[in-house]
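For reference, the structure is listed below as structure tokens.
The values are calculated or read from the model by the stated rules, or taken from the named source; none is laboratory data. Source: prediction; values computed, not measured. With ideal geometry, Cβ positions are generated from the backbone for all residues, glycine too; neighbour counts draw on all protein chains shown.
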């Protein structure tokens, strides 16, 4: 039994790790870690030049049978109130391979982004375009089913709470999403191409109204990859019956100079409520050893609202994966 004088947060962490050790104490467990680390320099001085840890995964996976497996992933993040780092659950779900399709139940990756994870390919440098502007979260609590209905044609239907993995559900409505795409799913690993789209529908009630309103998000995307070059793009429209219409166009590419050095580029054009934001990333990704990446890059942000503002940021991003 843990001493009662230990800090409550510390006792919670020990309890979670103890539960994980019980669940995965037998053989056959796959344990891995993933850390995103960066150093940010802002020449304008509007933000603090600092070292930051933006993600620390501890991932546990175990197959209980040929058709069933469990994944538990912890992560850390900062609170909005006082910027403290806290431990939370990023993934906790069951995967069940059935004849109708692959079913996932619990806190699991959402299908809002299609194959963007591999087509953009540099999540440790920046969030996916639609995730960065808040069109959806990378994980949520719900249930989904996916199936390859024809060779290389994937259908993925899901129902989520809609608020993401960091928030509890606060209404009786759910976000339903259908993803349909054809082609290669992992363009950062294999040459090929893909194209498709995602559609999601989410009713809700605004705090200032008793009437039901809806959010409808539509995304189309495409990408292709050669042995030393990869490029993709996506266009997303969010229509809100509460008159909050937003649009996002993003393109991204990567060119391999050598086996361990690549040039990268991404440009996002975000239109929200008449205001526009241009967000550009350009840099180099270096892989000196398996599981280790470093990427010096420049970020440029141009905001065109009531006052036109621009900003340059220099970053050095690291990824450790073991």
Single condition residue 136 does not satisfy, out of (1) modelled with pLDDT of 95 or more; (2) crowded, with 21+ Cβ neighbours inside 10 Å; (3) closer than 22 Å to residue 88 by Cβ: (1)
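Residues are listed down the side, and each one gets a yes or a no for (1) crowded, with 16+ Cβ neighbours inside 10 Å; (2) closer than 17 Å to residue 321 by Cα:
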{"position": "59", "(1), (2)": "yes, yes"}
{"position": "62", "(1), (2)": "yes, no"}
{"position": "65", "(1), (2)": "no, no"}
{"position": "72", "(1), (2)": "yes, yes"}
{"position": "79", "(1), (2)": "no, no"}
{"position": "89", "(1), (2)": "yes, no"}
{"position": "95", "(1), (2)": "yes, no"}
{"position": "100", "(1), (2)": "no, no"}
Of residues in the range 170-206 being touching a helix residue (DSSP H, G or I) at 6+ places or on another chain (Cβ under 8 Å) and surrounded by 14 or more Cβ atoms within 10 Å (Cβ to Cβ), the one farthest from residue 149 (Cα to Cα): 188
Filter result (farther than 25 Å from residue 253 by Cα and without any contact (Cβ under 8 Å) to a residue 60 or more places away in the chain) within the range 179-208: 201, 202, 203, 204, 205, 206, 207, 208
Residue within the range 151-169 that is touching a helix residue (DSSP H, G or I) at 6+ places or on another chain (Cβ under 8 Å), surrounded by fewer than 21 Cβ atoms within 10 Å (Cβ to Cβ) and within 23 Å of residue 231 (Cα to Cα) present: no
Within the range 65-81, considering residues that are part of a strand (DSSP E or B) and closer than 19 Å to residue 145 by Cβ, the one modelled with the lowest pLDDT: 65
Residue pairs meeting the criteria (Cβ under 6 Å; at least 6 apart or on separate chains; first on the phi < 0 side of the Ramachandran plot and at pLDDT below 90, in the range 159-178; second buried (at least 17 other Cβ atoms within 10 Å of the Cβ) and outside any strand (DSSP E or B)): 169/161
